[in-house]
Structures are given as C-alpha cells and as structure tokens.
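**Student:** Take this structure, written in structure tokens, and hold onto it; I'll ask about it next.
Since every read-out is calculated from the coordinates, none of them should be taken as a lab result. Keep in mind it's a predicted model, so treat the numbers as computed, not measured. Here the Cβ positions follow ideal geometry from the backbone for every residue, glycine too, while neighbour counts run over all protein chains shown.
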Amino acid sequence: MKLRIAILAGDGIGPEVTHEAVNILKAVAEFGGHDFQFREALLGGVAITAEGTPIPQSTIDICLDSDAVLLGAVGDNKFNHLSPDKRPESGLLQIRQVLGGFANLRPSIAYPALAENSPLRPEVTKGADILFVRELLGGLYFGAPRWWNKETNEAINTMRYTKAEVERVAHVAFKLAQGRRKKLTSVDKANVLEVSQLWRATVDELKSQYPDVTVEHQLVDSMAMHLMNIPRNFDVVLTENLFGDILSDESGVITGSLGMLPSATIGGKVNLYEPVHGSAPDIAGQGKANPLGAILTAAMVLRHSAGLEREAQAIEAAVAHVLEAGHRTADIARGNTAANVTTTQMGKLVHQALTETLDRHDSMHAV
Ligand code: NAD
C-alpha cells in the first residue's frame, strides 16, 4: 500500500526519537512491500531559526498533502523571550488546528517489565490496557463567551457541546471498543452539569448501533479514583476535552514514564501522530531519550492511517520484547536494571525484534 507521511521532527529530542520511529516504519514498508513516502518539514524552533516563523506555509502544505503527519516534539528555551504566539509551541497548536482532528487517542498500558516504574503497586497496574478517547475541539477550551474582567475581578469560560459533536467522537470510541475488549466507559459529570446530561443521553442513544459493546457511565470524580484503584477494569474511556486532559495524564502513571506514551489525533483532514512528551531540552543531543513513545506512535500510524493492524501489533510486541529483555534508557531504569542503552541502540533493538517477529509470522503462514 502507498502511504505519504509528513515528518515534523521539531526540536530537542524530537529529531532523535523520530529518526528511530521512521526507521521502524521503513522496516515495515520493506518487509511488506509497501510504498511509504516520507517528506520532512520544519515546525517549532527549527522553523523559527530557518524561516522566522514556527509554522511555515510550506509545512502546512506538505501536511495537508499527506496521509498522516508524524511529529516529534517542539520547544526550545532560547525562544522563551518571544511572545507566546511566536514561540515554537504555537506552531504545534496551529498545526493541530489546521489538521482539525477532534478525537485524541492515548493508550495507557502497564508493561509487566516496567511494573516497578509506576508509583502504583504492580498488583494494581497488572493487566491495565486503556485507550483514552478525548474530545479535542469542544468544551471549556473553546466555548464562548470567555473573558477575564480585571476591573470586576470576574472571569468566565463556557462548557458547550452540541449533540453532533458528542456523536462524532462517541462513534470513534464505540468503533475502537469493537476492535478491543468491547467495553466503553463514558465519563461525565451528569449529576451536576447539563452539558454532561446531553453527553450521557447522546452516548446512550448510540448504544443500539453497537450491541456488542458494553457501556458504562462514570462520574469524572469517581473515575479519577477508580483509574488508580482498578485500572484493569477499563478498556476504551470516552471523555470531553477537559476531563480527558486530566484523566489521560493521570493514567500515564500506569505506564510509568512519559517517554513511553504515544498519541494520535484523528477525525480531521489528516491524522496527526505524536509522542506525548515534549522536547526535553535537559537531555537533548545526549543519546538519552527514550524512543519507545515515538516508536509506539509509529504503530498508531499503521493502525489508524493504513489499516495495518498486524504490523502495528508486531511493533508493540517488539517494544514489549526489548523491555522484557532488560534494555533500558535512563528514564525507565529502576532497581536492578540500570540504564544500559542509548536512543539509537534502543531503536535498533526494536528493529531487530520487529523483523524477527515479522519473519516468524511469515514463515508460519508459508507452512
Ligand atoms: P518534557 O516532556 O519535554 O520533559 C519532561 C521530563 O521528562 C524531562 O525531565 C525530560 O528529560 C523527560 N522526558 C521527556 N521525554 C522523554 C523521553 N522520550 N525519554 C526520556 N526522558 C524524557 O516536558 P517539559 O520539560 O515540560 O517541556 C520541555 C519543552 O517541551 C518545553 O518547551 C515545552 O513547551 C515543550 N513541550 C512540547 C510538547 C510537544 O511538542 N508535544 C509537549 C510538552 C512540552
């Protein structure tokens, strides 16, 4: 199959981890005879340095002319003196707006090999595998009116959703649940907020279209507690924008390191894929960055933009395999397992494990 991927490596550790993710995608292309085309474009601090703007028009054009956008990270302290709209991070906000995705997907997985890395006890995190589906274009972040009156010391934001906005993100969550363990937890605050009552009624209305999916509703406050008490009880979790922002960060502790977390934003003109972490200027250029978040993000590209589920799972299995084998970058080193690989070495180990998995699968099919 043909897939055109725009690569926005960005700043700091962005290029280091993106390089490893692209290598993994190239391995999948080579193995399966796919035609993956990569086009690099500038975003963030590197774009300011080269072109005087965090998001050049050429970057927007390349992204809109692609099937998927893979982003590293943006942010560079040397631009901190600029106004917020001129800093590297504004390029990220603008590209998200241009691409227009409304459903942000964030997996939280407890890898057995990293059980000691989570602040939660291993028996609590064991078996946890959650996919957050966060609505990204509505709610308090965008609702009007919004203002801060400094004379009267009063401020207002508006939580607003239309039924259509809830329906489109709920359909995404229902379909994803169908491909997983068929359980959907919808999070709201329906005991207090009318917006949440609309949210809950809309999700309930769609249930009959997905009879194989079990639906439960959780109030956001009790959900925050259940997530940390029994994370394995959840499969797909559907939330509005603010609740999802908070809960998906909270559930990051299940995995145990920011460097392990991938994300995808789908439903817009072109899907956007990025690891959750930032540009980590404290470790940039030292070979210390964990590339696994970016590599797992590459798996999401294959799953959500190419329909290559088997290959996506092979990448995820390869990541689990290198962790089981005891390979660690500094952020996931704990207890008896010290940091023992660089960014590049970790990438190569996943590459090796991946090709072995694909080879094995191929020879099984040939029998
Ligand atoms: P950060 O995610 O860059 O780093 C937080 C901590 O986690 C640091 O100690 C860092 O070393 C560590 N870390 C992050 N990713 C890692 C990885 N892959 N491997 C090993 N360790 C990792 O967040 P921050 O320090 O708050 O922000 C740094 C810059 O990144 C800022 O300019 C910020 O605006 C920007 N930022 C960008 C994004 C993005 O591009 N999506 C997201 C968050 C922050």
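**Student:** Roughly what % antiparallel, to the nearest 5, for the DSSP beta bridges in the chain?
**Tutor:** So the antiparallel bridges in the chain amount to around 40 percent.
**Student:** Let me ask something else about it. About its Cα centre, what dipole magnitude does the chain give when the only charges are +1 on Lys and Arg Cβ and -1 on Asp and Glu Cβ, stated in debye to the nearest 20? If you can, show how the numbers build up before the last one.
**Tutor:** On the way: 34 positive and 43 negative charges, 55 e Å.
Using only the charged Cβ atoms, the result is roughly 260 debye.
**Student:** How would you rank 165-176, 23-34, highest first, on the average number of other Cβ atoms within 10 Å across their residues?
**Tutor:** 165-176, 23-34
**Student:** Can I ask one more? Which of rounded, prolate or oblate describes segment 168-308 when judged by the alpha-carbon gyration tensor and an a/c cut-off of 1.5?
**Tutor:** Prolate shape, in that a/c is at least 1.5 and a/b is the bigger ratio.
**Student:** Next question, about the same structure. Count the DSSP beta bridges whose two residues both fall in segment 119-255, then state the antiparallel fraction as a percent rounded to the nearest 5.
**Tutor:** Given both bridge residues lie in segment 119-255, the antiparallel proportion sits at roughly 25 percent.
**Student:** Now a separate question. Could you tell me which residue out of Ser279, Gly347, Ala170 lies farthest along the dipole of the chain toward its positive end? Charges go on the beta carbon: Lys and Arg +1, Asp and Glu -1, centred on the Cα centre.
**Tutor:** The one lying farthest along the dipole's positive direction is Ala170.
**Student:** Then there's this: Counting Lys +1, Arg +1, Asp -1, Glu -1, what net charge surrounds Thr185 among other residues with beta carbon under 10 Å of its beta carbon?
**Tutor:** Charge balance in the 10 Å sphere: -1.
**Student:** Here is a further query. Amide H to amide H under 5 Å from Phe38: which residues, 5+ apart in sequence or cross-chain, H placed 1.01 Å off N in plane?
**Tutor:** Ile5
**Student:** Sticking with this one: If I stretch the segment between Arg168 and Met228 completely, what's the gain in nm (0.36 nm per residue apart, minus their alpha carbon distance), one decimal?
**Tutor:** Extending this stretch completely gives an extra 18.8 nm.
**Student:** Would you order Thr355, Thr18 from fewest to most other beta-carbon atoms within 10 Å of each residue's own beta-carbon?
**Tutor:** Thr355, Thr18
**Student:** Let me ask you something else. Thr239: net charge of surrounding residues, Cβ under 11 Å, Lys/Arg +1, Asp/Glu -1, itself excluded?
**Tutor:** Computed value for this residue: -1.
**Student:** Would segment 223-305 count as rounded, prolate or oblate if I go by the C-alpha gyration tensor, calling it rounded below 1.5 in a/c and otherwise prolate when a/b exceeds b/c, oblate otherwise? Write down the numbers at each step before the final one.
**Tutor:** Details: a/c = 1.96, a/b = 1.25, b/c = 1.57.
Cα axes put segment 223-305 in the oblate bin.
**Student:** Okay, moving on. Which ordering of Tyr273, Tyr111, Tyr141 is given by a fewest-first count of other beta-carbon atoms within 10 Å?
**Tutor:** In increasing order of surrounding Cβ atoms, one gets Tyr141, Tyr111, Tyr273.
**Student:** Remind me, relative contact order of segment 119-255 in percent, using alpha carbon pairs under 8 angstrom and six or more residues apart?
**Tutor:** 39 percent
**Student:** Would you mind calculating the relative contact order of the chain from Cα pairs under 8 angstrom and at least 6 residues apart, reporting the percent as a whole number?
**Tutor:** 22 percent
**Student:** Quick check: pseudo-label points 7 Å beyond the Cα along Cα→Cβ at Gln345 and Arg181, how many nm apart are they?
**Tutor:** About 3.5 nm separates the two model spin labels.
**Student:** Work through the residues other than Gln197 whose Cβ is under 13 Å from its Cβ and net out their charges, Lys, Arg +1 and Asp, Glu -1.
**Tutor:** Working: positive: Lys163, Lys189, Arg200; negative: Asp188, Glu194, Asp204, Glu205, Glu240.
Net charge around Gln197: -2.
**Student:** Taking only Cα atoms and a 10 Å spring cutoff, compute GNM fluctuations for the chain and point out the largest among Glu51, Glu123, Glu356.
**Tutor:** Of Glu51, Glu123, Glu356, the most mobile in the Gaussian network model is Glu123.
**Student:** Suppose R0 equals 41 Å; then what is the FRET efficiency for Glu154 and Glu205 from their Cβ-Cβ distance, rounded to the nearest 0.05?
**Tutor:** So, using R0 = 41 Å, E works out to roughly 0.65.
**Student:** Would you mind giving the average projected area, over all directions, of the Cα convex hull of the chain in nm² with one decimal?
**Tutor:** Working: hull surface 81.1 nm².
That works out to 20.3 nm².
**Student:** For the peptides 66-73, 276-283, 251-258, what is the packing order when you average, over each peptide's residues, the other Cβ atoms within 10 Å and list the highest mean first?
**Tutor:** 66-73, 251-258, 276-283
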